[in-house]
Structure formats: C-alpha cells, structure tokens
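The values are calculated or read from the model by the stated rules, or taken from the named source; none is laboratory data. Not measured: the values here are computed from a predicted model. Here Cβ is always computed from backbone atoms with ideal geometry, including for glycine, and neighbour counts include all displayed protein chains.
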Amino acid sequence: MVYRVNKLLSLSSRKNVSGPSVSDDDEEARDVLNEVTWDVVSTFLPIGGAGGRGNVPKSVLLIASLVRVYLGGSNTNTPNPTKELELGGRILDVGCGDGLMYDLLGPGPEGWYEGLDVSTGMLSRARLGRDDGVWGVGKIQDYEGEGGRDVVLFNGSWQYIGEDDRGRVMGKCKELLGRGGKLVISHYNGRGFVEEEKAKNPGVVRGLMPTRGEIEEEGREEWEGWKVREWKDEEKVFWVVLERDDVARQLSGSQHPSPTSYYSRNLYALPIPKSFNPPPGHFSRGKLQDGDKCCLPPAYWKAIQANDVEVPWVVRISRIDDEKDVYREGGMELRTMKRVNKPVVIKGPRDMVGERDSVLGSPLDFRSGSQYVYLPSWMFRALSLRPGSCVRVDLVRGPVRKGGLVKLRPLTFKHRDAEGDDGIETGRGEDFLKIQDHQSVLETELKHYSTITPGAVIGFVYNGRRYHFEVMETWTGGGREGGGNRKSKEGVRAMDADVRVEFTRVKTV
C-alpha cells in the first residue's frame, strides 16, 4: 500500500479510535475487515499519480530505484513516468494500493505492470489515468495469472499477510517468477514502524517483516528454496531481495577459466537501451545498434584486470539451446526457451533472424547487473534470442585473428515499413551501391565493429537511413590469396586490422 496508509492508521491509533476486531481463526471476517479498511482509507488519498502527492519520501524512491534495476531499467531516485521499462520488464505489484509504484517505475510500451489489491476502492484510484497498467482484485495466494515475471513486489503490503498464509504465498511467488526473477519484500518506514502498527492494529496488521535469521534458518517451510540476494534493514527503510536458490546456484556456477576463456558466466540477455548511449566525444556515441558493443557485469572488468588481458577485449556470446546445450551447474540444470522463428520485442524483418550458435563482440562498459548482459538488436536476431533468454558469455582467451577480407551482401527488403528498433528508415541495397565511394564509406563504418561474425546481419546509418548487410564470409590475413590466410567460421577481429570489403549481388528479401 502507499506510504500515506500507515500514517492514517497510526493517526487513528493515537486518537484512541478502536476499530472492529475479529478472531484470528475467522479468515473470512479478517478479509472483510481488510477490504473495508482500505476502501475507507482510499477516500483520503490524492488523485493524480506521483505528481499529485507532493514530496515522495526518499525511502520510497530508493525502493523504486531498486526494483527498476531488476526490471532492466536505469537506477535513478527520481519519479520517472517516462517509459523506463521499455526493455520488457514484467512486474506484479502485490498490494499496489492507489498505484504509486506504477508512477515511479513508469512502464513503457514493452514493460508490463500488473497491480493486485484486495480493495476495490484502492484499485478505482489506481486505474485513473493509468491505461497501460493491468489491475486485479484479490489475494496473491488465489491469483491465477501467468508466470514469467521479473519481479514480484510486496512494498508495504507483506505485513498484511498472516503467518499461516505465508507458505502458500511463497509457493505462489515461485510459480509466478521467471528464471532469474526476484521477490522483493520492502517497507518504506522500516521494520520498527511495522512492529508499532501491529501492536496498535492487530486486526489489520497480521505479521512482521522477516528477519535474516528466519529466512536462512533450516526447516522454515515458507523460506525453503530461497536465497537472499540483497538486504537492507535500517530505521526508515527495509527491503530484502530473494531469488530461488536453484537459480542462484546455476548463474554463479561457471566462473572458472578454461583453455578458451578467462572468465565465463551464464547471463540473461536484454536489449541495450538508448539510455546507455555513451557521452559526447565517445567513439561509440550513437552507435549502440550499429556496432558489436555490449554492456557486461563488473565481474568481467575484474577478470580483465586479474588476467592482464590485452586489448582488444573480445567476448563470445553463445545461445543456450533447450534442444542442444543443457548446462549442468551446481548439480542443477539450466534451461532456457527454445529457438523462436521471430524474436519478441526485437523489431526488424524476419529475414534478419539468423541461425548462429554464437557471435563475437566487445565490451562497451561494465555497468550491467551481475546477472545481465545488454546486447545490440542484431545479436538477438543472429542468435534467435528473446529478451530474457539465457546466454553464455566468455571472455575469450587467446587472440582472435585479424581480419583481412569480409564479403558482404547488401539487402533490400520488400516491405519498406521494416524500420529499425530506433525508428530509422531502412535503406535499399541498390541505393547504397549508388553512394559515391560506397566502399570507403562502409570500411569507415566497420570501425565500430571490433569483431565481425559470419552469418550475422549488421547495419549502419548513413544520411538518415540504415543499410543492412549479410556477412557472407570472413577471411583472416589478406583474404584467400597469400599463405596461411583462411576462411574463419567463428569470425575475425576488425580492430587494428586492415580489412578489405567485397560485395556480392544485392539480395531482395
């Protein structure tokens, strides 16, 4: 519920206003009391979203910032109703109240927010002016919605779930969370506030915030199979972030060097957002979709430093396929969704979807969350990934051979409405070949690719149009001519290499 609710309850207690009480054994009566209580409280709340609330407490902003990171957005403590969750983050907000978290998270066209509350009065307030959200009435343990959520959030609502119900609730959360999803239990006024409110309003406040000892204690059924990922227990704010223990072991199991890799992890792939665009003056400024750069967790930077890896740093992103590669880590199996014909969310012509098992790339920076990697759209298509698919990311050991020759096939799409992810018009292959000195233009643009992978469809923007090219072949050294030069199936390094380009006939798809 929103932070004003507890203030209203506290005020009634200080005025010695005693509300109705019910027996602990009368579950139906408790439910009626809870619904009536929040229906009444909802009439005191302001209308108009976060902007109509005045100053939102810092603790509420901190919690929203925490949740935003796990939904694939940026970390900011400012209310942001400007479509932060355009990466496809999916959240179920349990005890959503009048929709405060919706306003602070700002779900975008690909983000999915669903609020759940027992009070129809609260939900009527929540629906006002929030057409992108989905709002449902009921208790979490009876909820029948689909799974695959990135976050299930109890912000200021956990204490209204009775101790006897928490086992069912935690079981339901396991069903609702997708692989790598997080359960967030938080309170914007802290543990002590909840303890005071339970003493004053035992008929409404049914439980307390969990302690770390309770969660980690063996034999506690409701916490069985959960692992603490983050913990904050201060006077004015409380939160705990939990993930399924089997998933935690799977994602942390493959960090040891191998003959071909300095460092390797299984990560969840997300589209690289526009907010990651480097500052003016950076070489990759404006080239997030027209290069091979990806955003990695800080652990990869530590591995580079620890192993004194020489520039250029190269990573290999490999699809984990249900039908082929099931990784067993920590005694568990890590599976992801099967190859799809057309990736969801990643826009573009279906003919740009490839059949690669892996692609080469290079780091843009090291600021992603510990379980995520952000990739340009062409990598999603080349590997036939969905946002949230699991990939294996290896920091490549040993040099990737310099490229000498790259054969490209310009592409023309029959449907001219095939725009890129950023809305830039798609150019025709024939028109590109009419550009004066087009070969030099392309060789200049290829400098934004530290590596080039055969079988992928890459692109670049010139004069307001994005031209696409299928990488037909990559050759090391000087191409087919010259001793020791050979065709490379994995790809070649373009950085610090003198790469020539040859074009094949334009293909219309």
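Considering only residues of segment 123-138 that are in contact with a Leu (Cβ under 8 Å, 6 or more places away or on another chain) and crowded, with 18+ Cβ neighbours inside 10 Å, which is farthest from Leu92 (Cα to Cα)?
Ranking the candidates gives Arg125 first.
Go through (1) in contact with a helix residue (DSSP H, G or I) (Cβ under 9 Å, 6 or more places away or on another chain); (2) modelled with pLDDT under 90; (3) not small (Gly, Ala, Ser) for Leu128 and report which single condition fails.
(1)
Could you tell me which numbered condition Tyr462 fails, if it satisfies all but one of (1) in contact with a strand residue (DSSP E or B) (Cβ under 6 Å, 6 or more places away or on another chain); (2) at pLDDT 85 or above?
Here Tyr462 meets the rest and fails (1).
Tell me whether segment 496-506 contains one or more residues that are closer than 30 Å to His282 by Cβ, surrounded by fewer than 17 Cβ atoms within 10 Å (Cβ to Cβ), among the charged types (D, E, K, R) and modelled with pLDDT of 85 or more.
Yes, that holds for at least one residue.
Is there a residue being more than 22 Å from Pro387 (Cβ to Cβ), crowded, with 21+ Cβ neighbours inside 10 Å and either in the same structural domain as Arg68 (by TED's automatic domain parsing) or aromatic (Phe, Trp, Tyr) (or both) anywhere in segment 176-185? Walk me through how you get there before you give the answer.
As a first pass, look at segment 176-185 and keep what is more than 22 Å from Pro387 (Cβ to Cβ): 185.
After this cut, where a residue has to be crowded, with 21+ Cβ neighbours inside 10 Å as well, the list is 185.
Imposing the further condition that a residue be either in the same structural domain as Arg68 (by TED's automatic domain parsing) or aromatic (Phe, Trp, Tyr) (or both) reduces the set to 185.
Yes: one or more hits.
Could you please give the count of residues in segment 225-246 that are in contact with a helix residue (DSSP H, G or I) (Cβ under 8 Å, 6 or more places away or on another chain) and assigned to a loop (DSSP other than H, G, I, E, B)?
The number of residues fulfilling the criteria is 4.
Hey, does segment 160-182 have a residue that's more than 20 Å from Val241 (Cβ to Cβ), of a type in the set (A, V, I, L, M) and out of contact with any Lys or Arg (no Cβ under 6 Å at 6 or more places or on another chain)?
No; the residues of segment 160-182 include none that is more than 20 Å from Val241 (Cβ to Cβ), of a type in the set (A, V, I, L, M) and out of contact with any Lys or Arg (no Cβ under 6 Å at 6 or more places or on another chain).
Residues of segment 431-453 being at pLDDT 90 or above and under 13 Å from Val499 (Cβ atoms), which ones?
Tyr449, Ser450, Thr451, Ile452
So in segment 467-490, with the set limited to residues that are at pLDDT 90 or above and not aromatic (Phe, Trp, Tyr), which one is surrounded by the fewest Cβ atoms within 10 Å (Cβ to Cβ)?
Selected residue: Met472.
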